[in-house]
1. If you take the charge dipole of the range A:242-286 about its Cα centre, with +1 on Lys and Arg Cβ and -1 on Asp and Glu Cβ, which of A:Gly275, A:Ser251, A:Gly262 is farthest toward its positive end?
2. Let me spell out the model: positive unit charges on the Cβ of Lys and Arg, negative unit charges on the Cβ of Asp and Glu, origin at the Cα centre of the range A:65-191. What dipole size does that give, in debye rounded to 20?
3. Scaled to the compact-protein estimate 2.2 N^0.38 Å, what is the alpha-carbon radius of gyration of the range B:249-311, rounded to two decimal places?
4. Given +1 on the Cβ of Lys and Arg, -1 on the Cβ of Asp and Glu, and no further charges, what dipole in debye does the range B:232-286 carry about its Cα centre, rounded to the nearest 20?
5. For A:Glu283 paired with A:Ser613, estimate the spin-label separation in nm (one decimal), with each label point 7 Å from Cα along the Cα-to-Cβ line.
6. Could you work out the local net charge near A:Ala162, counting Lys and Arg as +1, Asp and Glu as -1, over the other residues with Cβ closer than 10 Å to its Cβ?
7. Give me, ordered by chain and number, the residues 5 or more places off B:Glu105 or on other chains with an amide H under 5 Å from its own placed amide H.
8. Per-residue HN-Hα couplings for the range B:136-147, Karplus 6.51 cos²θ - 1.76 cosθ + 1.60 at θ = phi - 60°, whole Hz, x for Gly and Pro?
Amino acid sequence: MTLLYPWGLLGLLSLPVILGLHFFRQQRQHRRVGGLHLWDFARVATPAGRRFERLHRSLPLLFQLLAALLLTLLLAGLDWPRQSTGQSYVVVLDDSISMQATSSGKSSAERAQDALAKWAPAADSYTLILAGRVPTVLVGPGATRAQFLDALSRWKPESNAADFQRAINVAQKFATSAMRVLLVTDAPNQAGQVVFSAEAANSPASSSSVSDDGKSTAPSAAPRIIPWGVGSPANNNAIIFADRFRPEPGSERVIATVQRFGQPGKPARLEAFLGDTMLGSQEVNLATTKPVTVQLNFKAINQPIRLQLSPKDALAADNEAVLLPGLQKTVTAWVDPALPHRESFIRAIQAVPGCELTENPAAADVVLTVDRPGSAANFGGTAGATESSEPSSAERYPRANRIYRFTADAASSQSLRIAEGRDLVFGEESRLAQNLSMEGVLWPFLSSTAPSPSLALSADIAYTSIPLLFQEQSATRNQATYKANLVLASTNIFRHPAWPVLMMNIMNDSRENLPGISRSNLRSGENLLLNLPAAADRLSSRSASADGTPLTLWHEGDSKPAQTWTETAPTVLSGLRTGHWVIRRGGSEKSPVAAEFMVNLFSSTESDLQPMSSQQPDFSELRADGSQQTRQNFLIFYALLAALCCCVILAWKYEDAGH
Amino acid sequence: MGPTHSPAKFLPQITAKACEVNFLASTHIDFPTRAAVESLAQKYLLPLPREMRSPRPGELTGRRTGSSVEYQDRKDFSPGDDLRHVDWRGFARSDRMTVKLYREEIMPRFNIIIDGSASMGVTPQKAVRRLEMAMLFWLMARHLHGNVSTWLANGSAPLRLETPLDIARHPDAETDAPLAAMAASPATRPGGISIVISDLLFPFDPGRLPTLFGQPDQLLVVQVLSAFEANPGEGLQAGAMLRLQNAEAPEHLDVRLNSATVEQYLRRLRALQSDLADALRRRGGAMATIRDVDDLDSACRIMHTAGVLAL
C-alpha cells in the first residue's frame, strides 16, 4: 500500500471538525409549546432500548466520518500497486532493409522476432520503437507481452536507413532509470557506437550539474541501453545505382552500377525486363569489390524497365531496381529579333540538348529580349505596373518562367549598377554560374564612373561584387525576370567559352522550373523537387490544385494515400521509402495521375552485410536491480470513489430522515 | 409585532396599575400598544348577527320594531296595538285607523372569553397578543355601548374580570382543558356575542367546541399562536434536536425537526383549524388564526378577512 500524495492526509483534520459540528448540533434546544397532542406522531420510537437509539441516531455521523475518511484517502492517493514485480522495457528495433538479409534460411528480422518472443517475460510491459529513417513507436508504452508480440509479428523492415541516434532519443523519453532499453539490430557493433555516445551523454560526469553554492548535484539517471545483435555477415551483390535516358530520339540507354560486398565472387548477370519480357542482359565481372558500371541499350520505351541481378544472394532487396521513363522536358526559347548578335544567341541555344526555338513569344519558356529604356520592367519598377498602355511581362509572355533583358548599347547603360544585397543572383552558389568562368570577358559596366568603358574581368575581382545578372521584382511567383549587367554592343562574351555555358545554364535553370517533378528515378533518401502547377502558383490559389481538388501522394500497394495536400503542395519531398510513388489529382486511387516516380534502394550502407554480427545480450543485466516497476491500481481509486458516493448519499438520506 | 416594546417589562406595570384603578382610570395607564389598539378599535367594528335574541333595550338601533323615536313604518290598527301609537291625524284625514311603528333600540351583550391557561404565555409576545386582542374586542364592544363581560377561562369556573387588564392579576393555570367548565357558567347564557381568545392547543373535538359556549347569537374565535406553534420549521435548521416542553403539564417530547416532521405537524394543525372553522361557519360564527409575531395591523387584516372583524 502506498500513498501517492501523503499531504492529502491533512484531510483527516476534517474528522474532528465533523465530530464537533455533530455534537454541537446534537445539543437539544428547548421549546415551550401550548400542547403536545399535535406532536405525538414525532415521538422517536426506541424499540431496542437507549443504546440502539443512540446508534441509530449516529448513522449520519458515521457516514459523514466515513465519507471524510474516504475523501482523505482519495486525496492522499491510496494505492495498492498492481504487478509490483513487472518491469518495463523499451525495445528499439532496427527497421532498415538490411534486416531482410537472409542467412541459414532465416532473415535477421525473423531471428529478431524469434529471439524477442522467446525472451519477453509475461508480466512485463513493453514499448516497441522502430529505428528507421524516422523513429516510429509501433506499440506502447506499457503494452502487454501479447500486444508486443502481435505488433512484432506484423512488422517487416522496409526503411532505407536506420537512425539509431534519433530512435534512442525517443526511447529515452519513454524510459526511466529503472528501465532497460534493448537495441535489437543486425549490426550491433555499429549500433554500439551510438549506444556509447548516448550513454556518454547521460553519464554522471556530463549530466551532473553544479548548483549555485558550487556543490555538484545528483546526476540525472539514464536508462541502460543493451545491444542485441541478430545479424550474420554475408557476401552480397547489389545494384547501387541505375538510371535511364535517351541519348538520341528512338533509343533508350540504361546505366547501372553493380558492386560486390564481401569477398570477391563469381561474375553476376544484370538483366533488364519489360514486364516479363527480357530486353537484354549483360555479365558483370565482380572479381573485385569495386563498383562496376554496366550500360544497356534498347529502342525507346515508355514503360518501366526492371533490372534484376542474378544469382540471388543474401539480400534480395538490392538485386532489383525499377526505372521509370526519364522525364523529357523541352525548353522553348524566344530570342528577340531586336537583340544585337542574335545569331550568337540562337547558335548557343541550339547547342543545348532538349531546347528548341520559337518565333512566338507567348509560347516561350525562356525569353531573351532587349532592355528598352523606359520599359515598365526596368530597374526599380514593378513589371507591368507603371505604364498601363504597354502590356506587362506576364501578359506578353504568359508561359515564360524566365525573362532575360540585355542592354543593347552604351546609350542605355546608365541603368546598370553594382549589386545591392538581395537582388544579386550571379554568385558562386547560383545555378546560373555553374561551370562558368568569366575570366577574359570584356564586361563593360558603369561606363559613366569607370576609368575605362570596359573592364576585363579577372580572377581577383569577385563575381559577388560585380554581378552579371540582377533579379527584378516580378508580378507572379513563377516568372522571374533578370536584367543582364552587360552591354551587348561592346562585349566580347559571344566569342568567349563562357557564352555557351551561360546559355546552357540559363536553359537548364528554366528547365528545372518547368511544371512537374524534377526526376522520375530516385535513390532512397534523395529529395524530390516538386513543381506542380498547384504548388507553383500558391499566391493565386489557396487550394493544392488549381481547380480546388486535393493532391494525394500514393505508394504502390497502399490502400490509403500517404499524404494529402488540400491547400498547398510542398516543393520538396523527402524521407520517401522505396517503391513506386504516384501523385494524383484527387483522393481516389483512380484519380488522374499528376506525376509518378520511383524510389530504388541504391544504398551501399544497407547492401554491405559484412559488419553484421550476432551478439547475445547479458540477460542478467536486462532486469533492473532493486527498483521494480509498478502500475497504479485504478481499481482502488474507483472503489474508493464509489464508496465515497455511497457514504454521501446515505449520510444525506439518514440526515434528512431525521435520524 | 407592530410597536416595538418589551412585554416582559410593561406587563408588571399594567398589572400594578390595573389593580388600583377602574376602567376609566386604566385608560390612562401607559400601555405601549394602547394607542395602536385604540386606533384599530376605532377603525374596525364587531360584526353583529342579523337577529339577536332578547337583547336589553339600549342605545343601539336594532333591525326589529321597537319603542325608539326613530320612525320605521305604519300599519293598520289591530286590537292589542298600543293606542299611544295610533295616527289620529291620519285617521281624521282618511277615516282609516293606522298605527305608527318605531325601530327598536337594543343593547347587545358581549362575552369575551379569554384562555387563561399557561399555554398562552409560552412566549412573552403571545401573552401580549392575548391581552391586545382582549383589549381590542373589549374596546370595540364598548364602542357599541354593549353589555360587555370579560371571562377568564382557566379550567374551573370562569372568572369574571372587570377589564381585560385584570388578566395579569391571575396566574396562568396549568391545565390542558381551560374551557372545560364553560358550559355551566353565566358566560354561556343563550344569546349575545361570544368572543373566544385562545390558542386551542389542547385536545378537543372541533365539531363540539361551539357547543361549550351555549347558544350565542354569534361566536367569534381568535386563535393566537406563537411563531413556532404556527410553523415549527421557520428559522430552525433541519435535523435540529428539540425538546418540546408542555407549558400546561410537566411533560416533554424529544423530536428531531426535519422537513417530514414539520410537514406532518402542519397537516394536523390545519386539519384542526379547518374542522373548527367549518363547525363555526355552520353556526354563523367565524374564526381567525393570528401569530404573536405579526404586527397588530396585519393581525386585524387577517381577522377582517376571516370575518371576525368588520369595517
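A short reminder: the numbers here are calculations on the coordinates, not readings from a lab. Only a predicted model underlies this, so the values are computations on that prediction, with no experimental measurement involved. Don't worry about glycine lacking a Cβ; one is built from the backbone with ideal geometry, like all the others, and counts go over all protein chains shown.
1. Ranked along the dipole, the leading option is A:Gly262.
2. 60
3. 1.44
4. 280
5. Between A:Glu283 and A:Ser613, the label points sit 3.7 nm apart.
6. -3
7. B:Gly58, B:Gly62, B:Ser67, B:Ser68
8. So the J values, rounded to whole Hz, are 4, 5, 5, 5, 5, 5, 5, 4, 7, 6, x, 8.
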